[in-house]
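Where a number appears in this text, it was derived from the coordinates with a stated rule and is not lab data. Here the structure is a predicted model, which means the values were calculated and not measured. Positions of Cβ are backbone-derived with ideal geometry, glycine not excepted, and every protein chain shown enters the neighbour counts.
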Amino acid sequence: MAKISSESQLSNVLVLMADMGREMIVADRCTVWLIDEANEELYTTVAHGVKMIRIPYGTGLVGHAIATGEAIVIEDAYDDPRHHAENDRKTGYVTKSVVTIPFRNHEGRTIGAYQAVNKMTEAGKFTSKDLELLSLAASYAGKSLESVMLHQEIVDTQREIISAMGEIGEIRSKEMANHVRRVAEYSYVLALRLGLSPREADLLRTASPMHDIGKVAIPDAVLNKPGKLTEEEYELIKSHTRVGHQLLKGSRRELLSAAAIVAGQHHEKWDGSGYPHGLSGADIHIYGRITAVADVFDALSAERVYKSAWPIERIEKLFEEERGRHFDPAVVDAFFAELPRLIEIRDSLADES
C-alpha cells in the first residue's frame, strides 16, 4: 500500500496494484481495468501474461461490474453468459474462477475495476474472504489511482503545450515543425546512451522542443534573412537564448524548468566560446550539452532557406573536429554510437518537400 501511495507514475501504480491484488488473494493473474470514456471502451495496460486488452464499455464481467458498481464472484466463467470469452480465444488462456470489484474515486464515482482470475489453491475458488480483502485494496488503491491520474493529466497537458509552443517558434523561422520533433527524439536516444534514466531521458525529450522558443521575439526580417547577417542582426538572433530562458525560468514545474535550461544553454560550447553566458565543460547542464548536438545535427541535415543539406560524411567530419571544442566529448561519442538510429529518426520524420 505504501508503495502505491508514494508512486507518481501511472504505469507503475497500475503494475503495483495488479501485483498486490494477485499476491493478496493468491490468484494466477490480476488485471486493473480503466474506463476510456472518449472511445466508450474498457481497457487494461496491466494484465499478467498478456498485452493491452480493450473491450466495449458494458461488456464482459468487468463491464457489468463497472456499470452496476457491484462486485462479481463466479466459479466458472464459461457458465456465465457475461464472460467475454473472445479474449481467451485470442490468448489461449483458460479463465475459470473470477472475482471482479469496481473501485471508486473520492466522489464515489466508479473509475475502474480490479479483476483477479483463477484462484491458485486446491479448491480453485475465490472465497468471501478474498472478496473482502480485494474490496479493501480496491477502496484504497482507487483513491490513490485517482490522484496519480490527475497528476498524469497535468503532465500530459504540459507536454502538449510545450510541443505546440516549440512548433510555433520553428514555423516563424520557416523551418518545418518536424525539426523540434526530430531534436526531441535525438535528445532522448543520446540521453539513454549517456546513462540517464528513462524517466530523465523522457523529460528531456519533452522539454527540448522549447529550445528555440525565444525566436518569437526576433523580427521576421532578421529571422528569415537569406543572406549574411550583420553583426547587429547576429546579436539579435543570439538573444533568443536569453528570451527563451526568461520566458520559462519562473515555473516550479519540472518540465518547464527543464525547458528553461534547454532554451538558455543549447548554444553554450564545451570550450566556453558559446553564448549567452560563455559557460564551459560540466558547468553547462547535461540537457544543454545533449540538445546542442541534437540541434546541430538536425540543422546540418536539413535544407534551410540559407543553405543546402550536408551529406552525412561532412557532418561526421564536423563532429569529429568539434569534439572537445563546441561539443562535450562524451555526447559526441554517444552521437557516433547511435548515428544509425539517429539517421532512422531523421528519415522517418523528414519534412514534406
**Request:** Sort the following peptides by mean Cβ neighbour count (other Cβ atoms within 10 Å, averaged over residues), highest first: 95-108, 275-288.
**Result:** 95-108, 275-288
**Request:** Net charge near G69: determine it from the other residues with C-beta under 11 Å of the C-beta of G69, scoring Lys and Arg +1 and Asp and Glu -1.
**Result:** +1
**Complete:** Under the Karplus relation with 6.51, -1.76 and 1.60 and θ = phi - 60°, whole-Hz ³J(HN,Hα) for segment 119-127, x at Gly and Pro, equal 5, 9, 10, 4, 5, x, 10, 7, 10
**Request:** Kindly rank 36-43, 246-253 from highest to lowest mean number of other beta carbons found within 10 Å of each residue.
**Result:** 246-253, 36-43
**Asked** Y57's amide H: which non-local residues (gap 5+, or another chain) put their own amide H closer than 5 Å, with H modeled 1.01 Å from N in plane and none for Pro or chain starts?
**Response** E41, L42
**Request:** For segment 94-105, take each phi angle, set θ = phi - 60°, evaluate the Karplus expression 6.51 cos²θ - 1.76 cosθ + 1.60, and give the result in whole Hz per residue in order, putting x for glycine and proline.
**Result:** 10, 8, 10, 7, 9, 10, 10, 10, x, 10, 10, 8
**Message:** Ranking request for peptides 294-301, 218-225, 202-209: highest mean number of other beta-carbon atoms within 10 Å first, then the rest in descending order.
**Reply:** 202-209, 294-301, 218-225
**Item:** Ranking of H240, H245 by count of other Cβ atoms within 10 Å, fewest first
**Value:** H245, H240
**Complete:** dims of segment 173-348, Cα set, principal axes, largest to smallest, nearest Å -> 41, 40, 31
